[in-house]
Structure formats: C-alpha cells, structure tokens
Amino acid sequence: MLASELDLIQRLKERNADRKRATDGHLHPPKPVRPVPPKDLRAAERIIGFQLPELLRTIYLEVGNGGFGPEYGIVGTKGGFKLDKCSLESSYEGMRHLNDENPVWCWPERLLPLANCGCGMWSCVDCEYKKLPMILWDPNNLDEELSGASARLNWRTAFWDQGQSFKRWLEDWLADKERPEPKWPTDAWMKKRLGFTRPR
C-alpha cells in the first residue's frame, strides 16, 4: 500500500472517532462500528463474487464496518452499519436484480453501491477500473414501463460520473472540499458498462 494510502487510513480513523463529523448526513451510530473480521470480509466477498480493491478492504479491516464517510457514510458488510436497511452485500445483490423490474436495467458487474446519498441515490465505486472512479446512481426518473430505445435512454440517465477516484472522494471529504458537479459518463464508459451510448 502506498504511503499516501496509509496516511489516508490514519486520517479516516481519526475522523471516524469524531462522531459529530463521522458522516455528512448525521445518521451514523453514536459509537464507531468495529472493523470487519477478515473471515467475515472474505464471506462478504464470496457473496458479491469478487475481492474488494485493496484500499477499500483495508478500510473495512482497519477503520470500521461502515458508519463513517461522505454522504450518509460507507455502508457496512453484514453485521455492520446499514444504509436504507441494506448491507454492502444486499445493496449490490439488489442492484444486480433490477432487471427483474425492466430487462434493460442490467447493473454493471463490480459497480459497488458504497454510500447512500438520500432519495434513493448511491455513490458507487467502479471496481472494474484500477483508478476506482466514483459513479452516482440516481433512480428517481426511472420508468419500468418503458421498453426499447426509450428504456435504454432512461437507464443511461440514471448514471453520473462524479469526477473523482475513490481515494480522491475520501480525501476531499476529509479536507471538507466541495465536490465537483456530476456529469454524464463518457461514451466509452457507457458502452463498456451499460452496453450502449447516448444517441447523437
């Protein structure tokens, strides 16, 4: 792990201990949630079907099982801090079954809902990429009755590029920096992750 990442872990521990500032949404538990035991984290990874990126694994193993971080905080694994009644595993599994509501709604593999932003929105870390870009998912305009091109356009507009890596997302939160405005993902991201791009 890089020295900058080790420093980030230490600063997260300190911020997590300050329960008045542990999250932006102030719905966190009054006491820090203990870190995840390694065997429990491996069990969570078996459920979601992939190993978490090293930085995120270390956060769960050394800082805490959710309940701190940007927005309403990072969601915990099973037995940890829940967001919108979800654990890390159940939130990802729920997203992976959205196509039961509309066949176009195929959730990208390894796009991990990480922090609830309120109103059903999630900040997600895209574990498909080494830089771990953060993607905002906003389901508020989704219409399950749509089909064909209309459904694809509707699904595309639920995803927004937050303009930050996972590491920068945490660093800016620790520094109380204003986040960049979300923007449309690139056509390359949409083609790879959703299977189609915006119409010209």
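The values are calculated or read from the model by the stated rules, or taken from the named source; none is laboratory data. Just so you know, these numbers come straight off a predicted model, no measurement behind them. Every residue, glycine as well, gets a Cβ built from its backbone with ideal geometry; the counts of neighbours run over all protein chains shown. Side chains included, ligands, DNA and RNA excluded: accessible areas come from the protein's heavy atoms. Shrake-Rupley method; radii C 1.70, N 1.55, O 1.52, S 1.80 Å.
Before moving on, here are some points about what is shown:
- Matching entry among 132, 174 (being farther than 15 Å from residue 71 by Cβ, at pLDDT 95 or above and touching a helix residue (DSSP H, G or I) at 6+ places or on another chain (Cβ under 6 Å)): 132
- Scanning the stretch 90-113 for residues that are buried (at least 20 other Cβ atoms within 10 Å of the Cβ) and in a helix (DSSP H, G or I) yields 91, 92, 95.
- Qualifying residue in the stretch 34-43 (condition: open to solvent by 70 Å² or more (accessible area, probe 1.4 Å), in contact with a helix residue (DSSP H, G or I) (Cβ under 6 Å, 6 or more places away or on another chain) and either farther than 22 Å from residue 168 by Cα or not β-branched (Val, Ile, Thr) (or both)): no
- Selection from the stretch 128-175 of residues that are surrounded by fewer than 17 Cβ atoms within 10 Å (Cβ to Cβ), over 18 Å from the mean Cα position of the chain (by Cα) and more than 30 Å from residue 59 (Cα to Cα): 141, 143, 144, 145, 146, 147, 148, 149, 150, 153
- Some residue of the stretch 69-89 being in a helix (DSSP H, G or I), acidic (Asp, Glu) and buried (at least 18 other Cβ atoms within 10 Å of the Cβ): yes
- Each residue in the stretch 176-200 was checked for being part of a helix (DSSP H, G or I) and either aliphatic (A, V, I, L, M) or open to solvent by less than 50 Å² (accessible area, probe 1.4 Å) (or both), and 5 of them qualify.
- Residue within the stretch 64-83 that is modelled with pLDDT of 95 or more, among the acidic types (Asp, Glu), over 30 Å from residue 147 (Cβ atoms) and out of contact with any His (no Cβ under 9 Å at 6 or more places or on another chain) present: no
- Any hit, the stretch 18-36, residues being touching a Ser or Thr at 6+ places or on another chain (Cβ under 6 Å), of a type outside the set (Lys, Arg) and not in a helix (DSSP H, G or I): yes
- Picking from residues in the stretch 20-33 that are of a type in the set (A, V, I, L, M, F, W, C) and closer than 9 Å to residue 73 by Cβ, the one that is least open to solvent (accessible area, probe 1.4 Å) is 22.
- Remark: pairs (first residue in the stretch 35-47, at pLDDT 95 or above; second residue open to solvent by 50 Å² or more (accessible area, probe 1.4 Å) and aliphatic (A, V, I, L, M); Cβ separation under 9 Å; 6+ apart in sequence or on different chains) = 35/61; 36/61; 37/61; 38/61; 41/61.
- Considering the stretch 114-127, the residues that are in a loop (DSSP other than H, G, I, E, B) and without any contact (Cβ under 8 Å) to a residue 40 or more places away in the chain include one that is most open to solvent (accessible area, probe 1.4 Å), namely 119.
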